[in-house]
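The values are calculated or read from the model by the stated rules, or taken from the named source; none is laboratory data. What you see is a predicted model; the values in this text were computed from it and never measured. In this analysis, Cβ positions are derived from the backbone assuming ideal geometry, glycine residues included, and neighbour counts consider all displayed protein chains. Note: areas computed on protein heavy atoms with side chains; ligands, DNA, RNA excluded. Shrake-Rupley method; radii C 1.70, N 1.55, O 1.52, S 1.80 Å.
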Amino acid sequence: MTKSYLIGLDIGSFFIKGVLFEVGEDEKIRPISFAKLPVEGIINGEIQDVESLRRTIFYIIDKLKEDLQKKFKNPEIVVGYSTNSLSITQENFTVEFSQKTEIREKELYNIKRNITKKYIEEGKIILDVSFVKFIIDDKTVKNPVSFFAERTLTTSLNIVWVDGNAFSLLINVLKDIVPTSQIPVYDSTLSTSYLVTTANDRSIGITVIDLGYNSCRLIIFKDGIPKLFYSFPYGIKYVLKDISNVLKVSEKEAHRLLSEEGACLRDTKIVKKVDFQLLTGTGYSYVPLSLLNKIIFARVREIISRLNGELSKIGYEKTFEVGALQGGIVLTGGGSKIRNIEQTVKELMGENFRKGSFVSTDSFQDVPDELKKDPEYLPVFGIIDKYRLDLLEESSTEKIKEQQYVESPKKSKDEPRGKIFKTFIKKITGGDEDAV
């Protein structure tokens, strides 16, 4: 097996982040180079200039390739982009049998295919799908494979999806970069949520907060699956606006002050003057570090406080679906890099809190610590890992489809599979949409 290459891109509202990966003969994924650039063409979280965004993507791809000595053609490109329209639904279906039947993987494959087919026909894009419940003849089991059913198999699937238009503009941006049919596109927040949580976290209940530039997006997991998505329309851009308005500086200079000098502190013991460039670009001035920190603290505390209020409201209204979240809170996104923000989060949301980092995959090797700990690059690793898992599922699905005909070699591929597994798949309920 020869080496191959992947480029992962996370397109945010303020930065575009990219990592070039090498996939070795051992199938391990190793980052070779990485880059981050200011994004152009996205305003208020929406694509408003296709050509500018396309130029930015071309530029970062070329920049990533600079560190690779040998030339390579057409690396696979995987893209992450956060939408504000994630929906989560549960679908319950029953399969009826005419005689005692052993449940096999192919039955589960056919159930999933029939359920997801409806979404695809309605123009929806499925981002995540998981079996969450199996009932064989009125008896609940964890995994139905190898069990025998005499009458029915009832299943429940949790489906995370977006409307087909959610990625349409982005696909239009990418069409001149790679063929449209070859663009794996994922939701950045959802992919990151899996990367920074363990299976146990997702089982006992945990909230992942993606504190971004334009908004704050959160996903609540319980019983191993995403239960709820919520988009809070306040992000770090409001912190930057406060710095810009008070100090009369550009947003770019405000971001530099926030990331390099400031901290989320009410009281600052250190006496220090921080230089900054005036908005006119004609000279410099300075601000006491204590004032800069107070500006940051005031707005960050307001955002976290209001978000906590929304979470409390959601917890009350969705008690049955969500319940107690023993795993606490994981904070990720560019906003989690603000110095001392963890103290404000703990003060308002409780001590059961941590910043997001790699915890749930061993498919990557030789990852520099600066990438592992940088929340701005975590979405890139998240979407690459999701892409890897999707390829594995596709391979498994192909094997299951082949086995369906190997087991009955005398039957034509077009012949119905007989009376045991009826074509009758009865939908019991459509489920209630849990997304806010």
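Beta carbons closer than 9 Å, at least 6 apart along the sequence or on distinct chains, pair a first residue in the range 280-292 that is open to solvent by 60 Å² or more (accessible area, probe 1.4 Å) and among the β-branched types (Val, Ile, Thr) with a second that is modelled with pLDDT under 95 and outside any strand (DSSP E or B) for THR280/LYS248.
Which residue, of ILE296, ILE303, ILE341, is farther than 17 Å from LYS241 by Cβ, at pLDDT 95 or above and among the hydrophobic types (A, V, I, L, M, F, W, C)? Exactly one of ILE296, ILE303, ILE341 is farther than 17 Å from LYS241 by Cβ, at pLDDT 95 or above and among the hydrophobic types (A, V, I, L, M, F, W, C), namely ILE341. For the range 24-47, a residue qualifies if it is of a type outside the set (Gly, Ala, Ser), outside any strand (DSSP E or B) and touching a Gly at 6+ places or on another chain (Cβ under 9 Å), and exactly one does: VAL39. Among the residues of the range 201-210, are any out of contact with any Pro (no Cβ under 6 Å at 6 or more places or on another chain), closer than 19 Å to PHE131 by Cβ and free of Cβ contacts under 8 Å to residues at least 60 places away in the same chain? So far as the range 201-210 goes, yes, one or more of its residues are out of contact with any Pro (no Cβ under 6 Å at 6 or more places or on another chain), closer than 19 Å to PHE131 by Cβ and free of Cβ contacts under 8 Å to residues at least 60 places away in the same chain.
Of all residues in the range 314-335, at least one satisfies being modelled with pLDDT of 90 or more, in a helix (DSSP H, G or I) and under 23 Å from the mean Cα position of the chain (by Cα). Taken over the range 105-121, the criterion of being closer than 17 Å to VAL162 by Cβ, in contact with a strand residue (DSSP E or B) (Cβ under 9 Å, 6 or more places away or on another chain) and surrounded by fewer than 17 Cβ atoms within 10 Å (Cβ to Cβ) is satisfied by LYS118, ILE120.
Being in contact with a strand residue (DSSP E or B) (Cβ under 6 Å, 6 or more places away or on another chain) and surrounded by fewer than 14 Cβ atoms within 10 Å (Cβ to Cβ) narrows it down to one of PHE134, PHE167, PHE148, so name that one.
Only one candidate qualifies: PHE148.
One line per residue, one yes/no per condition, for (1) out of contact with any strand residue (DSSP E or B) (no Cβ under 6 Å at 6 or more places or on another chain); (2) open to solvent by 30 Å² or more (accessible area, probe 1.4 Å); (3) under 19 Å from VAL173 (Cα atoms):
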{"position": "GLY45", "(1), (2), (3)": "yes, no, yes"}
{"position": "ILE60", "(1), (2), (3)": "no, no, yes"}
{"position": "GLU76", "(1), (2), (3)": "no, yes, yes"}
{"position": "SER85", "(1), (2), (3)": "no, yes, no"}
{"position": "SER98", "(1), (2), (3)": "yes, yes, no"}
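Just wondering, is there one or more residues in the range 171-187 that are assigned to a strand (DSSP E or B) and either closer than 20 Å to GLU376 by Cβ or among the β-branched types (Val, Ile, Thr) (or both)? Yes, that holds for at least one residue. Scanning the range 233-270 for residues that are within 17 Å of LYS337 (Cβ to Cβ), over 29 Å from the mean Cα position of the chain (by Cα) and of a type in the set (Asp, Glu) yields one hit, GLU261. If the condition is being part of a loop (DSSP other than H, G, I, E, B) and farther than 21 Å from LEU378 by Cα, then the range 1-23 contributes MET1, THR2, LYS3.
For (1) farther than 24 Å from SER193 by Cβ; (2) not polar (S, T, N, Q), each residue gets a yes or a no:
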| site | (1), (2) |
| --- | --- |
| ARG54 | yes, yes |
| GLN90 | no, no |
| THR94 | yes, no |
| ASN110 | yes, no |
| LYS118 | yes, yes |
| GLU122 | yes, yes |
| LEU127 | no, yes |
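For the range 141-162, which residues satisfy the criterion of being outside any loop (DSSP other than H, G, I, E, B) and under 16 Å from VAL95 (Cβ atoms)?
VAL141, PHE148, ALA149, THR152, LEU153, THR154, THR155, SER156, LEU157
Please tell me if ASP223 is surrounded by fewer than 24 Cβ atoms within 10 Å (Cβ to Cβ) and among the acidic types (Asp, Glu). Yes, satisfied.
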